[in-house]
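Written out below as structure tokens is the structure these notes cover.
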């Protein structure tokens with residue numbers, strides 16, 4: 001009897017203990033459900049209106065102020081070479097001499113004919129006042145003199161064509177001919193380029209035409225000179241659009257550089273004259289997905305800041321900021337990093353590193369994971 005009473009008392013005590021433990025645990029669960037998840041520490045920055053330089057971008061090609069592929073104007077065998085590859089040439093300097101022996105002999109013959117025609121014309125001119133000759137003979141003698149002079153000038157022109165000269169001063173390219181080689185009209189001899197003044201040719205959309213003007217600044221960057229920006233000025237705007245409805249533009253570099261050569265591709269930026277302030281945020285605040293560009297905005301909730309995902313339309317990007325065309329208002333505070341851990345309604349806690357300067361320092365860390373780890377509670 002006593003044993004049964006003891007067991008009953010022990011069972012009651014155990015039941016009371018279990019109920020108490022369950023009550024305590026249930027209270028903790030209810031308090032956690034009321035408190036919610038802990039806030040996520042994030043860096044914030046405000047959407048601000050700033051003056052951001054706006055540019056038209058394009059890809060251009062460099063060309064020299066004067067550049068040409070020197071070719072043969074007439075046929076002949078090369079009997080003399082007066083230049084070498086890469087040589088700096090003066091305007092009019094001889095390059096190649098073709099065999100002109102037949103023309104030289106013909107010039108001697110035509111020179112004699114011209115002299116005879118001039119002497120005959122002089123005698124007839126003396127006889128004409130005394131009517132010892134006729135006007136018809138005088139006219140024929142004058143025509144013979146002019147014909148002989150024209151034939152001689154034609155031969156001299158052929159001889160000049162067989163003595164190829166540099167049309168302007170510049171640097172010769174690789175020599176493409178050899179001594180004794182026979183050239184046909186149009187055969188290339190060498191390239192010649194005057195690199196003292198370089199120009200960039202590029203095209204812009206027809207909408208940019210209204211904002212272009214001679215003298216406008218142009219920024220050029222080349223793979224041959226990484227990290228450097230060269231300045232040029234718009235020197236010509238084609239008045240006719242091309243077949244793709246693009247405006248062709250030419251800009252002249254202010255200073256030449258030995259690193260630059262005609263034919264190089266250039267990344268071109270033309271600054272637009274509109275300098276009105278635009279709404280912008282740090283570049284890291286915008287997350288690009290397959291569904292568009294989004295940003296998380298810190299809103300005031302009942303218990304503090306909460307995250308709200310908004311869709312944004314972005315414009316030009318300059319340095320570390322991106323232009324916002326829609327979706328945000330001035331003063332909105334946006335999350336700068338760790339967006340992958342956020343969703344609508346996630347509690348937020350702003351850290352004391354919510355300025356762009358601190359963000360730039362953090363972005364120089366080894367990776368983004370270290371930044372996210374540092375911002376975790």
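Things to note:
- Every test in (1) under 30 Å from residue 39 (Cβ atoms); (2) modelled with pLDDT of 90 or more; (3) under 28 Å from the mean Cα position of the chain (by Cα) is passed by residue 311 save one, and that test is (3).
- Residue within the stretch 105-127 that is within 27 Å of residue 262 (Cβ to Cβ), surrounded by fewer than 15 Cβ atoms within 10 Å (Cβ to Cβ) and at pLDDT 90 or above present: no
- Members of the stretch 277-289 found to be in contact with a strand residue (DSSP E or B) (Cβ under 9 Å, 6 or more places away or on another chain) and exposed (fewer than 15 other Cβ atoms within 10 Å of the Cβ), listed by number: 277, 288
- Entirely in the stretch 247-319, the strands (runs of 3 or more DSSP E) that have 1 or more residues that are free of Cβ contacts under 8 Å to residues at least 24 places away in the same chain: 287-289, 292-301, 304-311, 313-318
- Filtering the stretch 147-182 to residues that are under 27 Å from residue 109 (Cα atoms) and either in contact with a strand residue (DSSP E or B) (Cβ under 6 Å, 6 or more places away or on another chain) or outside the structural domain of residue 85 (by TED's automatic domain parsing) (or both) leaves 162, 163, 164, 165, 182.
- Within the stretch 71-99, being farther than 13 Å from residue 183 by Cα and part of a loop (DSSP other than H, G, I, E, B) holds for 82, 83, 84, 85, 86, 87, 90, 91, 92, 93.
- Within this structure, residue 59 passes the test of being in contact (Cβ under 8 Å) with a residue 12 or more places away in the chain, under 56 Å from the mean Cα position of the chain (by Cα), closer than 30 Å to residue 270 by Cα and exposed (fewer than 13 other Cβ atoms within 10 Å of the Cβ).
- Filter result for residue 245 (loosely packed, with under 11 Cβ neighbours inside 10 Å, touching a helix residue (DSSP H, G or I) at 6+ places or on another chain (Cβ under 6 Å) and over 29 Å from residue 88 (Cβ atoms)): yes
- Matching residues in the stretch 198-218 - criterion: being surrounded by fewer than 18 Cβ atoms within 10 Å (Cβ to Cβ) and not in a loop (DSSP other than H, G, I, E, B): 201, 205, 206, 207, 208, 209, 210, 211, 217
The values are calculated or read from the model by the stated rules, or taken from the named source; none is laboratory data. Just so it is clear, the structure is predicted and the values come from calculations on it, not from any experiment. With ideal geometry, Cβ positions are generated from the backbone for all residues, glycine too; neighbour counts draw on all protein chains shown.
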